[in-house]
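A short reminder: the numbers here are calculations on the coordinates, not readings from a lab. None of the values given here were measured: they were computed from a predicted structure. Using ideal geometry, Cβ is built from the backbone for each residue, glycine included, and neighbour counts are taken over all protein chains shown.
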Amino acid sequence: MQSNITLQRANWNKQMSVYFFLRQHIRLTFIRILESSIKNTTMRSRLLLSIVALLFADSANGIFLYGISSGPLPCQIKNYQIFLANLPWRKLEKGEMKDAEAYKVRSEQCQKFHDFSNNCTKPPSFCGGNDMKMYNFAGCIVLGDKLYKDGAYAGDLTADDSAELDSFNKDLAEFNRKQSLERLPKDTPFLRPLGIPPPGASRPPMPPDFCRQQ
C-alpha cells in the first residue's frame, strides 16, 4: 500500500514537472507568435488584451495553442486595403474613401498625443465592428469568414469549415462548463494561469480539422 502511494506521488510529481515546463514554454511561444506577426506596439498590446482564451490540447501532432479575440480589432488602411489585426481583409470601396482618410488622420493624431481612448481610436464600420471574431490556432487564423495560414489569405471558409467551427464553439462551451464545475485538490501546489488546465483536468477541444491539415 505504501509503495503504491509512493509511486502515485512520484507520477504526480513527474506530471507536475512536465506541466510547469510546458506552461512556461507555451506562454513564451504565444507571446513570440504575436510579437513576430504584429510589429506595431499599440496594435500588439490591444490584441494581447483582447485574448479571451489561451488553451492547449494534447494530440499525436503535438500541442495546439489557440486564442479567441472579439472586435473591434486593430484596423489599418494601406494602399486602399483594409487590414484587421495586421491581416489583409478587403479593398476599400469608393464610398468608403472619405471615411478611411478621416480615420487615418485621426489615428495619426491619437498616436501623436498618446490618446488610445475609444472615442479617439474607434474604427469605422468597414473595420468589422464588435461582431468581428478572430480565432488564432497557432498560425491558422479564422477572421470573420476568411481563413489565413502563416499570415497569408488562404480562402473563404466553406460550408463544411463553418460547420466545423460551430462544432468547435459548442465543444469549447461544454469544456468551459465542465471546467467551472471542477474542484482542484486543496493541496494542489499550482495556479491555473491563462486557462491552461493542469494534469487530470478536462481537456479543451481540438482545433478544427481544416487548421490541422497540412
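Brief remarks follow.
- Pairs of Cα atoms nearer than 8 Å and 6+ residues apart set the relative contact order; for segment 74-128 it is 28 percent.
- In this label model, Asn118 and Asp150 are separated by 3.9 nm, measuring between points 7 Å along each Cα→Cβ vector.
- Between Arg212 and Arg177, the FRET efficiency from the beta-carbon distance, with R0 = 30 Å, is close to 0.80.
- Among the listed pairs Lys91/Lys122; Lys133/Lys170; Lys98/Lys122; Lys91/Lys149; Lys104/Lys149; Lys146/Lys170, those with a Cα-Cα distance over 23 Å are Lys104/Lys149.
- Of Met134, Met97, Met206, the sequence from fewest to most neighbouring Cβ atoms within 10 angstrom is Met97, Met206, Met134.
- Here each label is just a point 7 Å from Cα along the line to Cβ, and for Ala102 and Ser202 those points are 4.7 nm apart.
- Calculated P(r) tail over 16 Å for segment 74-128, as whole % of Cα pairs: 37
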